[in-house]
Amino acid sequence: MLSRRAMLAGGLLGGLGLRAARADVPTIRLGSLPFGTSTWEAAVIKARGLDTANGFALDAVKLAGNDAARISFIGGQVDTIIGDLLWAARLGNDGQAVRFIPYSTSEGGVMVPGDSPVKSLKDLAGKRLGVAGGPLDKNWLLLRAQAKDAAGIDLEQAAEIAYGAPPLITLKLEQGALDAALTYWTYCARLKAKGYRQLVGAEDIMHALGVPGDVALIGYLFQDATVKEKPAAVAAFARASRAAKDMLASDPSTWQIVRPLMAAEDEATFEALKHDFLAGIPRRSTAEERADAEKLYAVMARLGGARLVGKGDALPPDLYYTGRNG
């Protein structure tokens with residue numbers, strides 16, 4: 001019988017051998033927020049071995065918040081994060097090339113209580129409207145544009161606006177301190193499960209502004225240097241991401257991997273989050289995405305100016321990752 005020391009030595013050498021065997025496998029470090037939906041996709045990739053099958057290792061790095069994610073991404077501590085198309089475009093136009101892989105078309109919308117008398121954008125005049133984010137939030141800019149076009153009102157002047165983080169805005173709506181709230185899609189889904197009604201969705205606003213398709217305004221961001229340094233690993237990550245989404249869309253059992261991460265306190269909340277996640281899976285070509293994103297960018301650049309978009313008056317030419325970047 002082997003001695004305890006021999007077994008320990010064998011185990012150590014076995015571990016070293018395993019690490020050595022994996023030393024040549026490239027790693028993609030994904031920076032994710034504790035309650036971000038990228039943790040859902042990462043969990044599926046790991047549980048179903050989609051990283052290994054595609055020839056890379058996924059390392060999910062937990063980050064505290066959006067600011068930490070951006071700092072880690074810019075500083076190279078992580079290879080990719082879920083980020084905003086506008087921010088990626090601004091970085092590119094300011095000289096720091098970034099590649100964008102569409103992640104979701106689910107954005108959010110304006111939520112009101114189920115029995116609210118607010119039935120249209122015009123009814124928001126004189127109401128207390130909470131806005132998740134700040135005055136340059138992309139959803140707010142789009143809503144303002146649509147309110148001017150469809151209802152002839154400037155919401156910034158016509159309504160009583162309160163800016164805040166999504167959890168706070170959602171809470172204030174539930175407490176009755178707000179009449180309506182413009183918030184992100186995961187919070188909209190949770191409110192729907194409680195009987196709240198969506199007055200207008202971000203996708204409805206985009207269509208009303210002349211964009212025919214649903215545009216992904218959030219996506220995986222990669223620095224151009226990373227794409228050039230390990231092109232095969234980035235391409236493999238893109239394939240694994242798509243495969244994970246396809247599994248979630250076609251195999252209900254896959255949601256058992258994700259459900260513990262969703263903080264869904266009841267079945268209605270789980271189903272609402274699941275429905276809106278699946279509805280947001282991008283299905284269009286890169287060319288279609290870019291064409292519609294250009295139209296929205298023009299609207300937001302007009303409303304937000306240089307404070308929002310920086311030096312550029314259009315999306316950087318190589319913003320979208322095609323598998324051929326670099």
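The values are calculated or read from the model by the stated rules, or taken from the named source; none is laboratory data. Predicted model only: the values in this text are computed from it and were never measured. Positions of Cβ are generated from backbone atoms using ideal geometry, with glycine treated the same way; all protein chains shown enter the neighbour counts.
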Just a yes or no: is a residue in region 53-61 modelled with pLDDT of 95 or more and assigned to a helix (DSSP H, G or I)? yes
Just for helices (runs of 4 or more DSSP H) wholly inside region 244-319: which have at least 3 residues that are modelled with pLDDT under 90? 286-309
Is there a residue being in contact with a helix residue (DSSP H, G or I) (Cβ under 7 Å, 6 or more places away or on another chain), within 26 Å of Arg259 (Cα to Cα), in the same structural domain as Lys127 (by TED's automatic domain parsing) and not in a helix (DSSP H, G or I) anywhere in region 192-213? yes
Test: Ala64 is surrounded by fewer than 22 Cβ atoms within 10 Å (Cβ to Cβ), modelled with pLDDT under 95, outside any helix (DSSP H, G or I) and within 16 Å of the chain's Cα centre (by Cα): yes
The residue that is surrounded by the most Cβ atoms within 10 Å (Cβ to Cβ), considering only those in region 127-172 that are within 21 Å of Gly36 (Cα to Cα) and of a type in the set (D, E, K, R), is Lys138
Failed criterion for Phe73 (all others in (1) in contact with a Leu (Cβ under 9 Å, 6 or more places away or on another chain); (2) surrounded by fewer than 22 Cβ atoms within 10 Å (Cβ to Cβ) hold): (2)
Determine, yes or no, whether Gly213 is touching a strand residue (DSSP E or B) at 6+ places or on another chain (Cβ under 7 Å), among the small types (Gly, Ala, Ser) and within 27 Å of Ala97 (Cβ to Cβ). no
Top-ranked residue of region 282-326 - restricted to ones that are more than 15 Å from Ala88 (Cα to Cα) and among the hydroxyl-bearing types (Ser, Thr, Tyr), ranked as surrounded by the fewest Cβ atoms within 10 Å (Cβ to Cβ): Ser285
Within region 156-178, residues within 14 Å of Gly126 (Cα to Cα), within 26 Å of the chain's Cα centre (by Cα) and at pLDDT 95 or above come out as Ile161, Ala162, Leu178
Failed criterion for Gly49 (all others in (1) of a type outside the set (D, E, K, R); (2) touching a Ser or Thr at 6+ places or on another chain (Cβ under 9 Å); (3) closer than 28 Å to Leu273 by Cα; (4) without any contact (Cβ under 8 Å) to a residue 40 or more places away in the chain hold): (2)
Of the criteria (1) surrounded by fewer than 21 Cβ atoms within 10 Å (Cβ to Cβ); (2) assigned to a loop (DSSP other than H, G, I, E, B), which one Ala216 fails: (1)
